[in-house]
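This report refers to the structure that appears directly beneath it.
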Amino acid sequence: MPSTGDGTAELRELVAVMDLLRSPGGCPWDAAQTHASLVPYAIEEVHEVVEAIESGDREDLREELGDLLLQVVFHARVAKEHPEEPFGIAEVAAGITAKLRRRHPHVFEVGEAREGGSGDAPAGSEDQHARWERIKKTEKNRASVLDGIPAGLPALARAQKVLSRASRAGLETGGPGREVPGGAVVADAGDQGEAELGARILALVAEAHERGLDAEGALRGAVRRLEGELRRAEQA
């Protein structure tokens, strides 16, 4: 289905529908929801978007993105009713727009105003990622590049996020055949593809099961040790 516009009218209609559902005379279930009660649905919708992307089904992806968008609009509508600190979809959109502008000075700022006093754009995406992390660390007054990683992430996702943040910050995390601070050994993947890598990870989970160990907990512990070493390295 080809795009017919910039989505402004459709988004306004979605906000209006959500307002109606949440208002007196609307839907009792929608009216009863809170930020906390909606959490499971937000998590579920994110996973369904991922599944649609991986399946390659464009129609499914369009629908799942709509369901995820609904979660944002729903939370913004609930937030609008807060007695002391209300905000709505306009503030949500304005906030993320301002953040994107702040964190892309190579796009939205010119000449000496750019970071480092140079009018040149970053050489590549890795430079842009590193700059993003530096700006974010300053904005949020974070002591470490690891601050702000969601504590509720599954261990494997958290491990990848920690390693990514550390790499962008120039922190040593080990290499092929070498022990990383978390206590694991990094194998040389060579030309192995995702299928073989997935099989190796699955084999480790099977080994943990046979030994009566919790693979998720074991990885979580290793990531905690790695984070501790990385934070000490930052301070040093």
* Structure fact -> In segment 152-161, anything of a type in the set (A, V, I, L, M) and within 12 Å of the chain's Cα centre (by Cα) is listed as 153, 157
* **Within segment 30-41, tally of residues that are in a loop (DSSP other than H, G, I, E, B) and either β-branched (Val, Ile, Thr) or open to solvent by 70 Å² or more (accessible area, probe 1.4 Å) (or both)** => 1
* **Single residue of 174, 170, 190 found to be surrounded by 11 or more Cβ atoms within 10 Å (Cβ to Cβ), out of contact with any Leu (no Cβ under 6 Å at 6 or more places or on another chain), outside any helix (DSSP H, G or I) and at pLDDT below 80** => 174
* Structure fact -> Selection from segment 42-75 of residues polar (S, T, N, Q) and modelled with pLDDT of 95 or more yields 71
* Filtering segment 12-29 down to residues that are free of Cβ contacts under 8 Å to residues at least 12 places away in the same chain and part of a helix (DSSP H, G or I), which residue is farthest from residue 68 (Cα to Cα)? -> 28
* Asked: Quick one: is residue 39 in contact with a Leu (Cβ under 6 Å, 6 or more places away or on another chain) and modelled with pLDDT under 95?
  -> no
* To do: State all residues of segment 42-84 that are open to solvent by 90 Å² or more (accessible area, probe 1.4 Å), assigned to a helix (DSSP H, G or I) and within 20 Å of residue 15 (Cα to Cα); if no residue qualifies, say none.
  => 62, 63
* Go through 200, 225, 211 for me and flag whichever is under 30 Å from residue 134 (Cα atoms), open to solvent by 80 Å² or more (accessible area, probe 1.4 Å) and out of contact with any strand residue (DSSP E or B) (no Cβ under 8 Å at 6 or more places or on another chain). => 225
* Select from segment 97-108 the residues that are aliphatic (A, V, I, L, M) and open to solvent by less than 80 Å² (accessible area, probe 1.4 Å) and write down the one among them that is nearest to residue 31 (Cα to Cα). => 98
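The values are calculated or read from the model by the stated rules, or taken from the named source; none is laboratory data. Here the structure is a predicted model, which means the values were calculated and not measured. When we count neighbours, we look across all protein chains shown, and the Cβ atoms used for this are built from the backbone with ideal geometry, even at glycine. Note: accessible area is taken over every heavy atom of the protein model, side chains too, but ligands, DNA and RNA are not part of it. Shrake-Rupley method; radii C 1.70, N 1.55, O 1.52, S 1.80 Å.
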